[in-house]
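Below: the structure, in structure tokens.
The values are calculated or read from the model by the stated rules, or taken from the named source; none is laboratory data. Please read these numbers as outputs of a predicted model, since none were measured by experiment. Here the Cβ is made from the backbone with ideal geometry for all residues, glycine too, and neighbour counts use every protein chain on show. Just so you know, the surface numbers come from the protein's heavy atoms only, side chains and all, with ligands and any DNA or RNA stripped out. Shrake-Rupley method; radii C 1.70, N 1.55, O 1.52, S 1.80 Å.
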Amino acid sequence: MSIAVASIDRALEFFLEHFPTRANEPKQDGYGDPAEFRWADFTIGNFKIELIESAATDGFVQRFLAKRGQGFHHLSLQIDALEPQLERLEREGARIVDRFDGGDGHQTAFVHPRSAFGTLIQFWQEPDAARLAAPSWGGTVTKDGIRWHVDHLSLALHSVAPAIGFFERHFTGRIEAEPHLGYDQSFRLLQMRLRDYRLELMENVRPDGFLSRFLARRGEGLHHLSIDVEDLDAVLEPFERAGARIVDRFEFAPGWRTAFLHPRSAFGVLIQFWQVPPEQWARMAAPDSAP
């Protein structure tokens, strides 16, 4: 997952301070000559988050920031053979953009958002079998003695049905949970596995719901990142102390509570925290680090 930001340094400082993260690759120039962007990344468990900033006044990151502001930019998937995947998508009429050969077997290309339900999807051809096999999702981690676990990325859609077919055909997606009403009854959702990503697909069912407002304002695309936590109040307290805006607190059932970190407090990204009851943590991996 990639986030476009005005300043990598400020965004990285925020995430390293408030989340159980590991810094990975330091800030460096992206591909191209001259480079249009700079990037750095970090992980929460196995989940990698890339930050990108503009390195050129007319580059794609600068154009994105001017049009959309800071926030989700693209979803990135590693793949062993790029061309066959692109051929299948193009046969169905998908628009493929920004192909680039990085050498040594590394190639990339993007599925245009208009061909992927508002989501820019990057394929990165990775020739290293060990890197390709490494998990890019899950991995429970701890911060200040509290467990965290990245659970899913959520997509806002006008209708989930066509998206299900698209992800099943081209990404070996499989449904994990059948459609059901969300916690406030204003939207319907289902969960899919997309390789080792977990995606939540949401569609609106009520004209006064949050999803209706989002679709009217932003259109289809990435909506939020959801993280399971052991103690919601303890996780939120440092954010609130730092002046972050917390919205949409909701108690779903005994032990199940949720709240969201507003995008204006998180570099344009809406982040959901789910308090998960202690007995549910057994289904997750044991903590693999304690930042």
Inset, instruction - Kindly list the number of the only condition in (1) in contact with a Pro (Cβ under 6 Å, 6 or more places away or on another chain); (2) open to solvent by less than 30 Å² (accessible area, probe 1.4 Å); (3) of a type outside the set (Asp, Glu); (4) at pLDDT below 95 that fails for Pro20. - result: (4)
Inset, instruction - Of all residues in region 133-181, count the ones that are surrounded by fewer than 18 Cβ atoms within 10 Å (Cβ to Cβ) and part of a strand (DSSP E or B). - result: 10
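Restrict the check to region 188-211 and report whether at least one residue is more than 18 Å from the chain's Cα centre (by Cα), without any contact (Cβ under 8 Å) to a residue 12 or more places away in the chain and outside any loop (DSSP other than H, G, I, E, B).
Step one: of region 188-211, the residues more than 18 Å from the chain's Cα centre (by Cα) are 188, 204-210.
Now narrow it down to the ones that are without any contact (Cβ under 8 Å) to a residue 12 or more places away in the chain: 207.
So of that shortlist, the ones also outside any loop (DSSP other than H, G, I, E, B) come out as none.
No: region 188-211 contains no residue that is more than 18 Å from the chain's Cα centre (by Cα), without any contact (Cβ under 8 Å) to a residue 12 or more places away in the chain and outside any loop (DSSP other than H, G, I, E, B).
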Inset, instruction - Could you tell me which residue of region 67-91 is least open to solvent (accessible area, probe 1.4 Å), considering only residues that are of a type in the set (Lys, Arg) and within 22 Å of Gly221 (Cβ to Cβ)? - result: Arg68
Inset, instruction - Output the residues belonging to region 41-58 that are surrounded by fewer than 20 Cβ atoms within 10 Å (Cβ to Cβ) and either over 19 Å from Glu13 (Cα atoms) or of a type in the set (A, V, I, L, M) (or both). - result: Asn46, Ala55, Ala56, Thr57, Asp58
Legend entry - Search result, residues across region 238-254 that are touching a residue at least 24 places away in the same chain (Cβ under 8 Å) and under 15 Å from Asp228 (Cα atoms): Phe250, Phe252
Inset, instruction - Would you check if Glu200 is open to solvent by 10 Å² or more (accessible area, probe 1.4 Å) and under 27 Å from His18 (Cα atoms)? - result: yes
Inset, instruction - Taking only region 169-187 into account, find how many residues are in contact (Cβ under 8 Å) with a residue 60 or more places away in the chain and over 28 Å from Gly45 (Cα atoms). - result: 2
Inset, instruction - Give the residues of region 39-62 that are within 15 Å of Ser7 (Cα to Cα) and charged (D, E, K, R), sorted by residue number. - result: Asp41, Glu50, Glu53
Inset, instruction - For residues that are in contact with a Ser or Thr (Cβ under 6 Å, 6 or more places away or on another chain) and open to solvent by less than 10 Å² (accessible area, probe 1.4 Å), tally how many sit in region 213-233. - result: 2
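Would you say Gly93 is on the phi > 0 side of the Ramachandran plot and either part of a strand (DSSP E or B) or more than 22 Å from the chain's Cα centre (by Cα) (or both)?
Values: on the phi > 0 side of the Ramachandran plot: yes; either part of a strand (DSSP E or B) or more than 22 Å from the chain's Cα centre (by Cα) (or both): yes.
The answer is yes for Gly93.
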Inset, instruction - Residue by residue through region 100-113, note down the ones that are among the charged types (D, E, K, R) and surrounded by fewer than 13 Cβ atoms within 10 Å (Cβ to Cβ). - result: Asp104
Inset, instruction - Name the residue, out of Phe252, Phe260, Phe239, that is buried (at least 19 other Cβ atoms within 10 Å of the Cβ), in a strand (DSSP E or B) and either at pLDDT below 95 or out of contact with any Gly (no Cβ under 9 Å at 6 or more places or on another chain) (or both). - result: Phe260
